[in-house]
Every structure is written in C-alpha cells, then in structure tokens.
Amino acid sequence: MPAIAIIGAQWGDEGKGKATDLLGSRVDHVVKFNGGNNAGHTVVIGQPDGTSEKYALHLLPSGILSPNCTPVIGNGVVVDIDVLFEEIDGLEARGVDTSKLKISANAHVIASYNRALDKVTERFLGSRRLGTTGRGIGPTYADKMNRIGIRIQDLFDEKILTAKVTGALELKNQVLTKVYNRRAAEVEEIVAELLTHAERLRPMVCDTGLYLNQALDNGDIVLLEAGQATLLDVDHGTYPFVTSSSATSAGACTGSGIPPMRLDQVIGIVKAYTTRVGEGPFPTELFDESGEHLRTVGAEFGTTTGRPRRCGWYDAVIARYAARVNGVTDFVLTKLDVLTGLEQIPVCVAYDVKGVRHDEMPVNQSDFHHAVPILEYFPGWTEDISECRTFDELPANARSYVEAVEKISGSRISVIGVGPSRAATIVRHELL
Ligand code: GDP
Ligand code: IMO
Ligand code: MG
C-alpha cells in the first residue's frame, strides 16, 4: 500500500500541518522524517459547538492529532528530549492520546552544548548570521555527519553514552572556551541531562524502519510529513541559508527507512504567496504595504520563534523547481483567502538576472541573490471565499488565478485552502 510524502515547496510554513491533519483520518501512520523542534506546524480543528482548537506542533508529527494514526519520529529527526516530553505532556493535558508514539533508535539527540553552539555561532557571525531558530539543529546534524553524534539508543547504555559525550566534548569544549569564550560543558552534567527521561523514552523506541516497512507490507497507508521545505533543504535549498536536513521527498526515504520505490505520491504544499523566516535570498520579497498586508491578513508570524515572516508574491520558478526536485504529483495551494481584496495579484513567472531571462532557478547562487522577478498580473476578487467548499463556488477571478498558477507551477493543484481550519478546504482531486 502507498507511502505518501507531504513536502514544503517554498521556504516553510506553507501549511504542511493542516494538510497532514486533513489526511490524518485516512492514513494509518504519520512519520516525521527530518528536522526537529525548529519546525512549527499549526493545526486548527473545528469543534462540534462551532469553536475551534488550535495546536502548535514542533517535534511531534501532526498526525498525532488523528486518533487512529500511529505517530512516528524517524531516524532522520534530531530530538530535543525535554521538548519532546513538554510537547507530549501539553497534548495529554488537552486530552490528546500520545501513547502510540514510536521513536527511531537511530534518531539523533540534541544535547545542550549544541543549543549553546547554535546561539553563539549566530552571534559570532553577526551580519553573516543565518537567522536559525537557535534550537541546536545545525550543530546536531553536523555532529551526525562528523560521526560524533549521540543517538537515542545511546541513552540506554550509560557507559557508551559517557564515552560518546566525552569524545564529543574533547573538541566542543575547545571551541566553546577558546573561540567563543564560553564555559566548558561537563561530561557528567551532560550525561545526567540526557538520561533524565531515558526510562520514560524506552518503551517508545524501536526500529521504525522495520516497523514502517512491515506496515506497508500489511496494506497500511504511511504519510511522511516534512519539516521545513525544499528551499531550506541542505542540498537543494538556497545554501547556506538553509536548515541542516533533507526536507525533500528523497529525505523522506533516508529519514524513515522507506525505500524510494515504495513512495507513491508526493504532495507539495505551496502558499498562494511566499514567505520566508530568517536570512537569505527571496526574489519576490515585498518591502512595501503589500508585504505588510500579506503579513497582517495571513497572520505571518513564526509558530516557533514568533518572528515576523518576510512576505512576497507567488513565485512559479520556485514552484516548478520544487515540483521537479520532489517529483510533486499534487499541489495543495494554501491561503488563497489571504489574497481576497487585492485589486490585482502579481505572480513571478521568471527572473531577470542582469538582463537575462531565467525560467529556471539560476545555477549560480549569487545570480539568485540578484534575481529580479518578472511579474504577470491577475485580476483580484473582493468576495469572501472562506466559506467556499467547491471550486465552482469561488469567484471567477479566484478560479482564473488558481488555473493560471497551476499552468506554470509544474503539477496540478488538487486542493485549495481557504482558511486555517480543517473544513476550510476545496478538494479538486482527491489525494487518497
Ligand atoms: P507549516 O509549518 O507548513 O505546517 O505551516 P505553519 O503552521 O507554520 O503556518 C501556516 C499557517 O497558516 C498556520 O497558522 C495555519 O493555521 C494557517 N493556514 C493553513 N492553511 C491555511 C489557509 O488555507 N488559509 C488561511 N487563512 N490560513 C491557513
Ligand atoms: P516548518 O516546518 C520556516 C529556517 C530558520 C533559518 C533556517 C535555519 O514550520 O516549515 P535552523 O534552526 O533550522 O538551523 O534554521 O531555516 N527554518 C524555518 N523556516 N519554517 C520552518 O519549519 C523552519 N525551520 C527552520 O528560520 O532561516
Ligand atoms: Mg511552520
């Protein structure tokens, strides 16, 4: 049975959490396969009495909110154990059952020295900073690649854990004290920190790759939910202004242990405009009242850090790139409602780089920094679309906008978001 990936097609915060939640009742397992608590996925669930419940998930897959779903944290994730239990306890206090959660024995652990290093490195970089979330994500993935990382399974053998922490700190403490003038981390302190929740963690830990492949053998549906997005992917994003993991569909395989041939569908989530948090190039970014309008109406403030998101028009070059890199089979176009009231809606169809037209992402990063969007303008609409539930109910100009965007984005637009809640959705082609 199918494995399906949900991927961010821009710079994050496209509405992956809502899309995952939308499919949650129809899938058996939802896997987070990359990133850590740098992610922030907001899910709004309407209640029978007309009110709504809002959840902000960072480390747990959004599928944890779907009662029949088994949530899985895959081997590609970096886990801050304190955050994990804070999030679990917060959800349990609100009546969400988290008891089925499974965590890969091979996932890496974010130690406090890596949180410290993330923050001091950013401070040290000054104007060259990346604008990270400061959660220790980059240094923890760097340790993984340097083969000095701590894995979840290490927490169940104190002797091995102590040896690994000692090895890691030999170098880290040199850097902390001599480069950054910080206090050295003590091995015993770090080991004690890491072991705090080990016994609570133990029953959740397993070989999640084996578990997921057996689930697929048994005919279950597995949904792989990305953190971050294509343009933040360490290989395919706007390097170095990226996160440190593989957020694309290929990462869904390495980060879960599900082989590529078992991936049947790749759902790309795109906003009807573009946002970005942190530093780095962003060709369609707006610095005028239009940008302010998108930020205010779209409530574009980070779920994790609360930072205002940078806002700009829809960029079809990026969408085509994401479609290609991920093999997107369907797009979910979110936040169409945020465009309501604009007289005309610009869309970036290509870039001008020093007088040369680029229909695809420039090969050279510095060209991307200088890319000037070539815009086409589409007429807007004023009608409230948040109650529309079929494509035909949308005003003609909203339909034309979606059709125009679909034509230049590299894959069909199967679902349209017209509001934050699960119900505020138009399905043009069923995803499952
Ligand atoms: P994620 O990181 O990709 O899961 O996205 P975030 O949750 O960080 O940001 C998306 C925000 O947009 C959340 O606050 C969602 O509740 C909200 N949202 C998702 N889809 C829609 C939509 O179609 N319309 C509106 N107005 N809000 C949406
Ligand atoms: P979701 O899953 C938007 C950005 C940070 C920074 C860069 C590197 O909610 O879409 P990191 O802490 O990962 O080393 O920071 O990546 N970033 C995100 N931006 N949405 C996210 O996640 C992000 N996760 C990281 O702002 O620019
Ligand atoms: Mg987010």
Where labels lie 7 Å past Cα in the beta-carbon direction, separation of R183 and D367 in nm: 5.1
Could you check the simple spin-label distance between R357 and V175, using points 7 Å along Cα→Cβ, in nm with one decimal? 4.6
Just to be sure I understand: with springs between alpha-carbon atoms less than 10 Å apart, which residue in G227, G380, G219 has the highest mean-square fluctuation in the Gaussian network model of the chain? G219
Applying 1/(1 + (r/R0)^6) with R0 = 45 Å to the Cβ-Cβ distance of N146 and V96, what FRET efficiency is obtained, to the nearest 0.05? 0.75
Could you give the size of the charge dipole of segment 192-293 about its Cα centre, using +1 on the Cβ of each K and R and -1 on the Cβ of each D and E, expressed in debye and rounded to the nearest 20? 300
Gain in span if fully extended, E86 to T382, counting 0.36 nm per residue against the direct Cα distance: 102.3 nm
The chain: mean projected area of Cα convex hull, nm²: 20.7
Residues I258, I385, I160, sorted so that the one with the fewest Cβ neighbours within 10 Å comes first: I160, I385, I258
Stretchable slack from F391 to A163, in nm (0.36 nm times residue separation minus alpha-carbon distance): 76.1 nm
Take the Cα of Q153, step 7 Å along the line toward its Cβ, and report every residue of segment 90-110 whose backbone nitrogen sits under 12 Å from that point. 104-108
Separation of alpha-carbon centers, segment 332-387 and segment 45-122, rounded to whole Å: 33
Given DSSP loops and a limit of at most 15 other Cβ atoms within 10 Å, what is the longest stretch of the chain that contains no such chymotrypsin sites (Phe, Trp or Tyr not before Pro)? 1-179
I413 long-range amide H proximity, modeled H, under 5 Å: F331
Proximal charge balance of T425 [Cβ under 9 Å; K/R count +1, D/E count -1]: +3
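With charges set only on the Cβ (+1 for Lys and Arg, -1 for Asp and Glu), what does the dipole of the chain come to about its Cα centre, in debye to the nearest 20?
On the way: 43 positive and 55 negative charges, 211 e Å.
With Lys and Arg at +1 and Asp and Glu at -1, about 1020 debye.
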Counting Lys +1, Arg +1, Asp -1, Glu -1, what net charge surrounds A19 among other residues with beta carbon under 13 Å of its beta carbon? +1
Rounded to the nearest 0.05, what FRET efficiency do F124 and T296 have when you use their Cβ-Cβ distance and R0 = 30 Å? 0.30
Return the single residue from T390, T275, T284 with maximal mean-square fluctuation; model: Gaussian network over the chain, springs between Cα atoms under 10 Å. T390
Which shape class applies to segment 175-315: rounded if a/c is under 1.5, otherwise prolate when a/b exceeds b/c and oblate if not, where a ≥ b ≥ c are the square roots of the Cα gyration tensor eigenvalues? oblate
Filter the GluC sites (Glu not before Pro) in segment 162-252 down to the DSSP loop ones having no more than 14 other Cβ atoms within 10 Å, then list what survives. E186
HN-Hα J in Hz across segment 421-432 - Karplus 6.51, -1.76, 1.60, θ = phi - 60°, x for Gly and Pro: 7, 3, 6, 7, 9, 10, 9, 8, 9, 4, 7, 10
For H108, what is the net charge nearby, where nearby means another residue's Cβ is under 10 Å from its Cβ and Lys, Arg count +1, Asp, Glu -1? 0
Which value, to two decimals, describes the C-alpha radius of gyration of segment 1-102 once divided by 2.2 N^0.38 Å? 1.02
For S400 and I374, what is the calculated FRET efficiency with R₀ set at 30 Å and r taken between the beta-carbons, to the nearest 0.05? 0.95
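Throughout, read-outs are computed from the coordinates displayed, never taken from laboratory work. In this text, all values refer to a predicted model and were calculated from it rather than measured experimentally. Glycine also receives a Cβ, built like all others from the backbone with ideal geometry; neighbour counts cover every protein chain displayed.
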